[in-house]
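Beneath this line is the structure, given in structure tokens, with notes to follow.
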Amino acid sequence: MKPKIEKLGTIDCDLVETTPIVHKEGLYRFEYVRIGYSGNNTGDSYFRFIDDETGEPGPAFAKGYHMGNVFVEQDTLYVTATNIWDGERVDIFASTDMENWACWNALNLAGYGIFNTSMCRGADDYVLMFEVGKPPEVAGKRFTARFATSPDLRQWELTAPECTYSKDRYTAPHALRYLDGYYYNFYLESIEGGWDQRVVRSPDLVNWEASPLNPVLVASDTDRQIAADHLTAAQCERIAKADNCNNSDIDFCEYQGKLIINYSWGNQHGVEHLAEGIYHGTEAEFLKGWYPE
């Protein structure tokens, strides 16, 4: 039986790339706030953390950066992001308090077009998965996962060219995890009439095995449930009527024995909504559940 994700409903509009995380025993949601997000009067994109208990946002940081993602180790938050949409660079921001941030460069790849990132601790080092749309000899058909490794989060090296998923079709990556010798890549597959969320796993970032229980998430009317009391009447009407052919940009964290899941739904062309789900079990159970013996 495939892992059961309970969809709780929509919590915001025009937020797509978010990451639920646990920091110092508290639950937070990292948000990439785009220029067009309601209430963003800064004239630029930025990142922030939302306290799940209070709903209050923390200080904005990384002005002008895009497609952020968060990896947590002990009490340190590591945010990976690109400074330009479809850019050539990945930078890392680090903080222990969500207020004071160090920043350094991880990758500079001339000619690349970089989008989403996700980082995890692998068997021997840290592994960064990043989404590329170009050059064609690297990406194949847009969009594709490429990888880099680091022993210390400072010095990064590209993996061999064959470490990719997958150049033959649209397979936009979003969330990378590692467990018991396997890397798990949760990615977006383009299907007839829409897009759905799927998972593949690999022991070496070269040879990938699709879950026999795919897809992980598909668009449904359950996405339209209202799961936040701050949404306005106009937003609720939009949610009820919006075209929905996409479940994408999944990310998740384990909190108090269950998995907190964020994902996006909408038309994949600008009218998008942030939704929340839950899996009643641990992250290890969730990952292994997609590959029954």
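Every residue in segment 110-134 that is of a type in the set (Asp, Glu) and under 11 Å from Ala148 (Cβ atoms), please.
Asp125
Of the conditions (1) part of a loop (DSSP other than H, G, I, E, B); (2) over 17 Å from the mean Cα position of the chain (by Cα); (3) surrounded by 21 or more Cβ atoms within 10 Å (Cβ to Cβ), Gln268 fails just one. Which one is it?
(2)
Find the residue count for segment 149-183, including only residues that are part of a strand (DSSP E or B) and either over 27 Å from Trp290 (Cα atoms) or more than 17 Å from the chain's Cα centre (by Cα) (or both).
Going through segment 149-183 one residue at a time, the tally reaches 7.
Of the conditions (1) assigned to a loop (DSSP other than H, G, I, E, B); (2) among the β-branched types (Val, Ile, Thr); (3) buried (at least 16 other Cβ atoms within 10 Å of the Cβ), Val199 satisfies every one except a single condition; which number is it?
Only one criterion is unmet by Val199, namely (1).
Just name the residue that is nearest to Val16 (Cα to Cα) out of those in segment 209-254 that are β-branched (Val, Ile, Thr) and touching a strand residue (DSSP E or B) at 6+ places or on another chain (Cβ under 7 Å).
Checked segment 209-254; the qualifying residue nearest to Val16 (Cα to Cα) is Ile250.
Quick one: how many residues across segment 246-270 are modelled with pLDDT of 95 or more and farther than 17 Å from Cys13 by Cβ?
11
Tell me, please, whether a residue that is in contact with a Phe, Trp or Tyr (Cβ under 9 Å, 6 or more places away or on another chain), without any contact (Cβ under 8 Å) to a residue 24 or more places away in the chain and exposed (fewer than 14 other Cβ atoms within 10 Å of the Cβ) can be found in segment 71-81.
no
Could you give me the residue pairs with C-beta distances under 9 Å whose first residue belongs to segment 1-20 and is more than 22 Å from Arg177 (Cβ to Cβ) and touching a residue at least 60 places away in the same chain (Cβ under 8 Å), whose second residue is buried (at least 22 other Cβ atoms within 10 Å of the Cβ) and basic (Lys, Arg) wherever it lies, and which are 6+ apart or on separate chains?
From segment 1-20, the pairs are Ile11/Arg29.
Tell me which of these Phe143 doesn't satisfy, since it passes every other one: (1) surrounded by 12 or more Cβ atoms within 10 Å (Cβ to Cβ); (2) within 27 Å of Gly58 (Cα to Cα).
Phe143 satisfies all of (1) surrounded by 12 or more Cβ atoms within 10 Å (Cβ to Cβ); (2) within 27 Å of Gly58 (Cα to Cα) except (2).
Within segment 104-123, take every residue that is surrounded by 15 or more Cβ atoms within 10 Å (Cβ to Cβ) and closer than 24 Å to Lys24 by Cβ and give me the one that is farthest from the chain's Cα centre (by Cα).
Within segment 104-123, the match that is farthest from the chain's Cα centre (by Cα) is Cys120.
Of the conditions (1) surrounded by fewer than 18 Cβ atoms within 10 Å (Cβ to Cβ); (2) modelled with pLDDT of 95 or more, Gly193 clears all except one; give me its number.
Among (1) surrounded by fewer than 18 Cβ atoms within 10 Å (Cβ to Cβ); (2) modelled with pLDDT of 95 or more, Gly193 violates only (2).
The values are calculated or read from the model by the stated rules, or taken from the named source; none is laboratory data. What you are looking at is a predicted structure, and each value in this text was computed from that prediction instead of being measured. Positions of Cβ are generated from backbone atoms using ideal geometry, with glycine treated the same way; all protein chains shown enter the neighbour counts.
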